[in-house]
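Novice: Here's a structure for you.
The values are calculated or read from the model by the stated rules, or taken from the named source; none is laboratory data. Predicted model, so just to flag it, every value in this text is computed and none were measured. Note: ideal-geometry Cβ built from the backbone for every residue, glycine included; neighbour counts use all protein chains shown. Please note that ligands, DNA and RNA were not included when accessible areas were found on the heavy atoms of the full protein model with its side chains. Shrake-Rupley method; radii C 1.70, N 1.55, O 1.52, S 1.80 Å.
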Amino acid sequence: MTSYGLLVSPSHNRVYAQAAAGLVKAELAVFGERALDGRIRDIEETSIGGVPYVTFSSDELAETDVRLLSNLSSLYALFEIEGGLLRPVELKPLDLFGSDLLTIQKYSGKTNEYFTKLLLNVTAMATDSPMDLVTGRPRLLDPMCGRGTTLNQAMMYGLDAAGIDIDGKDFDAYAAFVKTWLKNNRVKHQAEITSIRREKAVLGRRLHVTLGASKELYKSGETMEITVVNADSVEAEKFFRPRSFDLIVTDAPYGVQHGSRAKGAQPGRRQQLSRSPVELLGAAVPGWARLLRPGGAVGISWNTFVGRREELAEILASSGLEVQDSEAYLGFRHRVDQAISRDLIVARKP
Ligand SMILES: C[S@@+](CC[C@H](N)C(=O)[O-])C[C@H]1O[C@@H](n2cnc3c(N)ncnc32)[C@H](O)[C@@H]1O
């Protein structure tokens, strides 16, 4: 049995930093339970040399285990602990691009990028093939994608991703961001925005981006795709094929206004945007569930002040999904601010 010590990333903002150790413990527990055959044990917070670590024990970790653990959302460094000494473990994260892809955008209502990564990770762990996160290429949908934090994390991982958001300003801002970022970073790509029409009516707009992680990959056609639709997520099935996603990952509206930006300010959109988050999920989840392939998983984060876990579990279960309720999956609730206590819920399609 080997002991390991993990340093939590120091770059968290103050609020998230308070919750980070607890969240990384829960995330590690999920990884251990779902992908590492229960081999991760004794997860605890320990002080080493006056610095807080998350420590755990395990049989020697194999190369693929380290590849998986390298993607823990708040991981900064990992050490083997031997006779009171720390030996660095070489990390092999999936990251294809610089971290500014996730950090450079700042706007009110943005989901913390570490939390977004955590939500993606623990959703991927609930599928019937959790190791696909590092050895496969799951296809992801964020059906309420805002300005794209989840889509950017998916891109960072080299996944094909799609998003839907009802807010036209978010759609425009994401399109502008992704095009500028790809150009500034000299990433080979093609991007276009088109209207989605059916029987002469315009259903929404679509941004479609094809990019290559390198020039060579782009030339050889080994590309990644990002698609974003500006529409109501309740109508998700009009835009995507049934069973076409492995992962659905979304941070639901919190039911509170963020800063000064009133999200209900667009005429005609007010009604949809003022729906309570639980009501919205009740209307949208059945359609999302049909977009998921059997064995795929959905992960939703939400504000527990506006909806109870049982209500969300009921919505997911009545769409035929199996809610993950092991202790590990119940350890993610944390305070964001006075008005938001965030939790996540994950379910698999049998
Ligand atoms: C908490 S925010 C997600 C933020 C996003 N993760 C980010 O970091 O930019 C929730 C999003 O749900 C969107 N939304 C609300 N109702 C919707 C609906 N009916 N269909 C699609 N999107 C909706 C909002 O416009 C908002 O962008």
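Novice: Is segment 2-88 best put as rounded, prolate or oblate by its Cα gyration tensor, with a ≥ b ≥ c the root eigenvalues, rounded for a/c under 1.5, and otherwise prolate when a/b is larger than b/c, oblate when not?
Specialist: oblate
Novice: Using the alpha-carbon centroid of each, what span in Å lies between segment 221-246 and segment 336-350?
Specialist: First find each Cα centre; the distance between them is then 23 Å.
Novice: Per residue, how much accessible area does segment 2-88 show when a 1.4 Å probe rolls over the protein heavy atoms, in square angstrom?
Specialist: Ligands and nucleic acids excluded, the result is 46 Å² per residue.
Novice: Give me the extension gain from Val15 to Asp128: residue separation times 0.36 nm, minus the current Cα-Cα distance, reported in nm with one decimal.
Specialist: 37.3 nm
Novice: Please give the per residue accessible area of segment 100-348, computed with a probe of 1.4 Å over protein heavy atoms only, in Å². Numbers along the way, then the final one.
Specialist: Working: 10760 Å² over 249 residues.
With the other protein chains kept in place, segment 100-348 gives 43 Å² per residue.
Novice: Sticking with this structure for a sec: Any chance you could check the Cα centroid distance between segment 157-206 and segment 11-86 for me, in angstrom?
Specialist: After rounding, the separation between the Cα centres reads 36 Å.
Novice: Hey, another quick one. What's the lysine pair count for segment 100-348 at a Cα cut-off below 15 Å, pairs eight or more apart or interchain?
Specialist: Counting lysine pairs in segment 100-348 gives 9.
Novice: On the accessible surface of segment 100-348, probed at 1.4 Å, how many percent belong to carbon and sulfur atoms? Don't skip to the answer; put the middle values down first.
Specialist: Details: 5120 of 10760 Å².
C and S fraction of accessible area: 48 percent.
Novice: Run the dipole for the chain about the Cα centre, Lys and Arg Cβ at +1, Asp and Glu Cβ at -1, nothing else charged, and hand back the magnitude in debye, nearest 20.
Specialist: About 1680 debye.
Novice: Here's another thing I want to ask about it. Quickly rank 2-8, 297-303 as a protection proxy: mean count of other C-beta atoms within 10 Å, highest first.
Specialist: Listed from highest to lowest mean packing, they are 297-303, 2-8.
Novice: Share of antiparallel DSSP beta bridges in the chain, in percent to the nearest 5? Let's see the in-between values first.
Specialist: Working: 51 of 67 bridges.
If I count the DSSP bridges inside the chain, around 75 percent turn out antiparallel.
Novice: Another one. If you take the beta carbon distance between Arg309 and Leu85 as r and set R0 to 51 Å, what does 1/(1 + (r/R0)^6) give as a FRET efficiency, to the nearest 0.05?
Specialist: Working: r = 43 Å, r/R0 = 0.84.
Once the sixth-power term is evaluated, E becomes 0.75.
Novice: Mind running the shape call on the chain? Use the C-alpha gyration tensor, a ≥ b ≥ c as the square roots of the eigenvalues: rounded below 1.5 for a/c, prolate if a/b tops b/c, oblate otherwise.
Specialist: Cα axes put the chain in the prolate bin.
Novice: Ranked from highest to lowest mean number of other Cβ atoms within 10 Å per residue, what is the order of the peptides 323-333, 67-77?
Specialist: 67-77, 323-333
Novice: Follow-up. Between Asp337 and Ile48, what FRET efficiency comes out of the Förster formula 1/(1 + (r/R0)^6) with R0 = 35 Å and r the beta carbon distance, rounded to 0.05?
Specialist: 0.65
Novice: Nearest 500 deg cm²/dmol is fine: what mean residue ellipticity at 222 nm does the chain get from its DSSP H runs of n ≥ 4 alone, each adding -39,500 (n - 2.57), divided by its residue count?
Specialist: The per-residue figure over the chain is -9000 deg cm²/dmol.
Novice: If you don't mind, another one. For the chain, calculate the relative contact order in percent as a whole number, restricting contacts to Cα pairs under 8 Å that are 6 or more residues apart.
Specialist: Details: 673 pairs, mean separation 55.5, N = 350.
Over the chain, the number comes to 16 percent.
Novice: Between Lys183 and Ser276, with labels modelled 7 Å along Cα→Cβ, what's the label distance in nm to one decimal, could you check?
Specialist: Between Lys183 and Ser276, the label points sit 4.5 nm apart.
Novice: What's the extension gain from Lys169 to Ser3 if we count 0.36 nm per residue and subtract their Cα-Cα distance?
Specialist: 54.9 nm
Novice: Once Lys and Arg get +1 and Asp and Glu get -1 on their Cβ, which of Ser220, Gly22, Tyr4 lies farthest toward the positive end of the dipole of the chain?
Specialist: The residue sitting farthest along the positive end of the dipole is Ser220.
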